[in-house]
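Notes for the one structure printed next.
The values are calculated or read from the model by the stated rules, or taken from the named source; none is laboratory data. Since the model is a prediction, treat every value here as computed from it, not as a measurement. Using ideal geometry, Cβ is built from the backbone for each residue, glycine included, and neighbour counts are taken over all protein chains shown. Keep in mind that these areas ignore ligands, DNA and RNA; they rest on the heavy atoms of the full protein, side chains included. Shrake-Rupley method; radii C 1.70, N 1.55, O 1.52, S 1.80 Å.
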Amino acid sequence: MPKESTRPEHVAIIMDGNGRWAQMRGRPRLFGHAAGARRVKEIVRACPDLGVRYLTIFAFSTENWKRTQTEVAGLMRLFKRYIRREAQALFDENVRVRFIGDRVRLEPALVDLMDGLELMTAGNSGTNLTIALNYGGRDEVTRAARRLAHDVAMGKLDPREVSDETFPRYLDTHVLPDPDLVIRTSGEARISNFLLWQSAYAEYEFIDTLWPDFSPEVFAQVIGRFGQRERRFGAVMA
Ligand code: IPE
Ligand code: IPE
Ligand code: MG
């Protein structure tokens, strides 16, 4: 069996720890989220040199609505501001942006900005940046199952064709390869409903760094460690 590439093609990041980062400085949680948003830009820029073609970042989960109204509203404002401010730079840097997650619960002004950015960067051929916004793995799989059931009911899909190859075509991530590496910052060792189906064979790195401190140098170190791992995918290596 050929040895797997030592660089991950697709890296997914659970950007955690913004609240604690702010708290340590005696500042409101939104201060941490703003600092976290600034980090995203540097990490996206670091991708080409590290050989990362796909970067997927967890920005807001289907469970994050449980936070205070102030924090949720502040995050939504931040997402809108981020898209408005960064759209041109992302386009100029040849980044192709996609969003995954359920848009139904998001406000129309935000959805318009998301659609606009996807459209604007659709012809770009550089880093594929996917932003998970109102995303939950279970929600995604459930929505996929609903669409699949609909296709079966309409006679468009034969139940015998449902397989682990056809099912992912119904997922939000249908155009993306599975992540090779999932990084979670802030020391928590859990998935929190991120890319459940897609991460079946991902390598995981749980690191203590809080997201606003996650620099391109730390990113490069984590990518370097990935190269040391032996990925077996259930097989036995010679
Ligand atoms: C991650 O940071 C960002 C979002 C979930 C939006 P947190 O806000 O979860 O920060 P901590 O975990 O409370 O420190
Ligand atoms: C996961 O972080 C979601 C995002 C990073 C957007 P959380 O901080 O919401 O997860 P839990 O609550 O620690 O599991
Ligand atoms: Mg958190």
If I compute solvent accessible area with a 1.4 Å probe over the protein chains, what percent of it on the chain is carbon and sulfur? 51 percent
Among all the aspartates and glutamates, which ones have a C-alpha under 16 Å from residue 80's C-alpha, if same-chain residues fewer than 8 places away are not counted? 71, 107, 112, 115, 118
Local electrostatic count, residue 32, Cβ distance below 12 Å [Lys/Arg +1, Asp/Glu -1]: +3
Does region 23-73 come out rounded, prolate or oblate, given a ≥ b ≥ c as the square roots of the eigenvalues of its C-alpha gyration tensor, rounded meaning a/c under 1.5 and, failing that, prolate meaning a/b above b/c? oblate
Using Cα centres only, tell me the gap between region 82-121 and region 170-193 in whole Å. 20 Å
Which value in deg cm²/dmol, rounded to the nearest 500, describes the helix-derived mean residue ellipticity at 222 nm for the chain, given -39,500 (n - 2.57) per DSSP H run of n ≥ 4 and division by the residue count? -13000 deg cm²/dmol
Computed on Cα atoms, Rg of region 104-238 relative to 2.2 N^0.38 Å comes out at 1.27
Can you give the relative contact order of region 86-238 as a percent, counting alpha carbon pairs under 8 Å and 6+ residues apart? 19 percent
Once the whole set of protein chains is in place, how much accessible area is left on residue 20, using a 1.4 Å probe, in Å² to the nearest 10? 80 Å²
Out of every Cα pair in the chain, what percent are spaced more than 25 Å from each other? 44 percent
If amide H atoms are modeled at 1.01 Å from N in the peptide plane, then the residues at a separation of 5 or more from residue 181, or on another chain, having amide H under 5 Å from its own are 10, 12, 203
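Quick one: grab the alpha carbon gyration tensor of region 66-175, order the square roots of its eigenvalues as a ≥ b ≥ c, and give me rounded if a/c is under 1.5, else prolate or oblate depending on whether a/b is larger than b/c.
Verdict is oblate for region 66-175.
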Under the 7 Å Cα-to-Cβ spin-label approximation, residue 63 and residue 107 lie apart by a distance in nanometres of 2.6 nm
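Peptides 195-201, 10-16: what's the order by average Cβ count within 10 Å, highest mean first?
Descending mean neighbour count gives 10-16, 195-201.
I'd like to compare 68-74, 33-39, 150-156: which one has the highest average count of other Cβ atoms within 10 Å, and what's the full order after that?
Those peptides, ordered most packed to least, come out 33-39, 68-74, 150-156.
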Among 32, 17, 48, which residue has its Cα furthest toward the positive end of the charge dipole of region 1-52, with +1 on Lys/Arg Cβ and -1 on Asp/Glu Cβ? 32
Per residue, how much accessible area does region 97-217 have with a 1.4 Å probe, in Å²? 49 Å²
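Multiply the residue gap between residue 151 and residue 89 by 0.36 nm, knock off their C-alpha separation, and tell me the result in nm, one decimal place.
Numbers: separation 62, 0.36 × 62 = 22.32 nm, distance 3.94 nm.
In short, 18.4 nm is gained.
Using the Cβ atoms and a cut-off under 15 Å, what net charge is assigned to the surroundings of residue 163, where Lys and Arg are +1 and Asp and Glu are -1? Please list the in-between numbers first.
Values: positive: 160, 169; negative: 151, 158, 161, 164, 165.
Net charge around residue 163: -3.
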Give, as a single signed number, the net charge of other residues whose beta carbon lies under 13 Å from the beta carbon of residue 138, with Lys and Arg counted +1 and Asp and Glu -1. -3
Helices from the chain with mean Kyte-Doolittle at least 0.0 and a Cα length along the axis of 27 Å or more, per DSSP H: which? none
Points 7 angstrom from Cα along the Cβ direction at residue 189 and residue 119: gap in nanometres? 4.7 nm
